[in-house]
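Each remark here refers to the structure printed beneath this line.
The values are calculated or read from the model by the stated rules, or taken from the named source; none is laboratory data. Every value quoted in this text rests on a predicted model; they were computed, and no experiment measured them. With ideal geometry, Cβ positions are generated from the backbone for all residues, glycine too; neighbour counts draw on all protein chains shown.
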Amino acid sequence: MISEKNVAEGFYDETLISEGFFILKFNNETDESQTFKREIGSNYIQFHFCIKGSASFLFNEGNYKLPLSEENSLLLYNPQRDLPLHINVPPHSWLLSVLLPIEKFHALFSTEANYITFLSDENKDRKYYKDASISPSMAIVLNQLMNYNLHPSVKPLYFKGKAYELLSLYFNRPADLDVEQCPFLADEDNVTKIKRAKQIVISKMTEPPTLQELADEINLPINKLKEGFKQIYGDSVFSFLFDYKMEVARQLLASGSHNVNEVGLRVGYSTASHFIAAFKKKYGTTPKKYLMSLSA
């Protein structure tokens, strides 16, 4: 692989995880757009994550442009042709990319080929494209990679662990349980209602509805709501919401753009003491100590 980058100070950083396995970081805190080019072979699978701002991928010598917005990701794989990296990163934007050979990636999921569709025998020679949003848990790992501040001797091990964690979260499928073993999930209408319930509690996380109000809104008996939510998401409604709020809080803290009080309010805690107690219950440390660990 040959890379060509511009001269912006600190814009680009590359870390070798293991043979052929790379993490690329683009941190454009200048007031001008930055560009980067790199040759990537057809045997590589590419994951791109826009953490802040935006980015654009250019193909066919700039004739085709693919935008990537904040908090979204892009997966690219085409075994039929090389997909060289040619990106434009606007001012004050962060992008992180993971590149690894498909053979190495396949080895990570060798027993899950039917679950990850492009790894199945019938699809392994086909190109694959997927865009998706970045989950709060993925955002935490991405911010940890972007704001890495440990001793250089620890960097390879730290990045390797975080790279595997990121891929695990990317392909996590808590909602995809075995339908045949779960009669409730065989009812597609019920599944749709439960997924809507999840979106409702997330959208109203600062002032969530009661279980009865939620059941009424999705037109499902409360016992079916509780049963179905547990079966699909592996947790009760409010336990799920608590974990979600804490991940959002940790993501906001890691971004460095909000203080502890502001984060607490953003996730629905009217007093700082209640937020601090909740955060410590989840993570075993206070928000302040967590912030200190990021800048240590």
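A few notes on this one:
- Residues satisfying the stated conditions in the stretch 28-76, i.e. under 19 Å from D13 (Cβ atoms), out of contact with any strand residue (DSSP E or B) (no Cβ under 8 Å at 6 or more places or on another chain) and surrounded by 13 or more Cβ atoms within 10 Å (Cβ to Cβ): E29, T30
- Here T111 passes the criteria (1) at pLDDT 85 or above; (2) in the same structural domain as T15 (by TED's automatic domain parsing); (3) farther than 30 Å from S93 by Cα except the one numbered (1).
- Selection within the stretch 253-293 - within 18 Å of I202 (Cα to Cα), out of contact with any Lys or Arg (no Cβ under 6 Å at 6 or more places or on another chain) and hydrophobic (A, V, I, L, M, F, W, C): V263, L265, F275, A278, F279
- Across the stretch 254-292, the qualifying residues are those that are under 19 Å from I51 (Cβ atoms) and surrounded by fewer than 19 Cβ atoms within 10 Å (Cβ to Cβ), and the one among them that is nearest to the chain's Cα centre (by Cα) is S255.
- Residues (more than 16 Å from M146 (Cβ to Cβ), free of Cβ contacts under 8 Å to residues at least 24 places away in the same chain and part of a helix (DSSP H, G or I)) located in the stretch 266-296: A272, S273, H274, I276, A277, K280, K281, K289, M292
- Selection over the stretch 229-253 of residues that are within 17 Å of A277 (Cβ to Cβ) and either crowded, with 22+ Cβ neighbours inside 10 Å or in contact with a Phe, Trp or Tyr (Cβ under 8 Å, 6 or more places away or on another chain) (or both) gives a count of 5.
- Members of the stretch 144-176 found to be of a type in the set (F, W, Y), within 14 Å of F47 (Cα to Cα) and at pLDDT 90 or above, listed by number: Y164
- Applying the set (1) surrounded by 15 or more Cβ atoms within 10 Å (Cβ to Cβ); (2) touching a Ser or Thr at 6+ places or on another chain (Cβ under 6 Å); (3) not in a loop (DSSP other than H, G, I, E, B) to P79 leaves exactly one unmet item: (3).
- Selection within the stretch 242-296 - acidic (D, E) and in contact with an Asp or Glu (Cβ under 9 Å, 6 or more places away or on another chain): D243
- Any hit, the stretch 143-160, residues being basic (K, R), closer than 28 Å to K198 by Cβ and touching a residue at least 12 places away in the same chain (Cβ under 8 Å): no
- Residues of the stretch 87-111 that turn out to be surrounded by fewer than 20 Cβ atoms within 10 Å (Cβ to Cβ), in contact (Cβ under 8 Å) with a residue 12 or more places away in the chain and not aromatic (F, W, Y), as a count: 10
- Within the stretch 177-211, being part of a loop (DSSP other than H, G, I, E, B) and at pLDDT 90 or above holds for K204, M205, T206, E207, P208, P209, T210.
- Entry remark, the stretch 147-160: residues being more than 15 Å from L99 (Cα to Cα) and either in a helix (DSSP H, G or I) or among the small types (G, A, S) (or both) number 7 in total.
- Those residues of the stretch 222-265 which are over 25 Å from N27 (Cα atoms), touching a residue at least 40 places away in the same chain (Cβ under 8 Å) and not in a helix (DSSP H, G or I), in sequence order: G234
- Taking every residue in the stretch 13-38 that is hydroxyl-bearing (S, T, Y) and pairing it with any residue that is surrounded by 14 or more Cβ atoms within 10 Å (Cβ to Cβ) and in a strand (DSSP E or B), at least 6 positions away or on another chain, the pairs with Cβ-Cβ distances below 6 Å are T15/I23; S33/N88; T35/N88.
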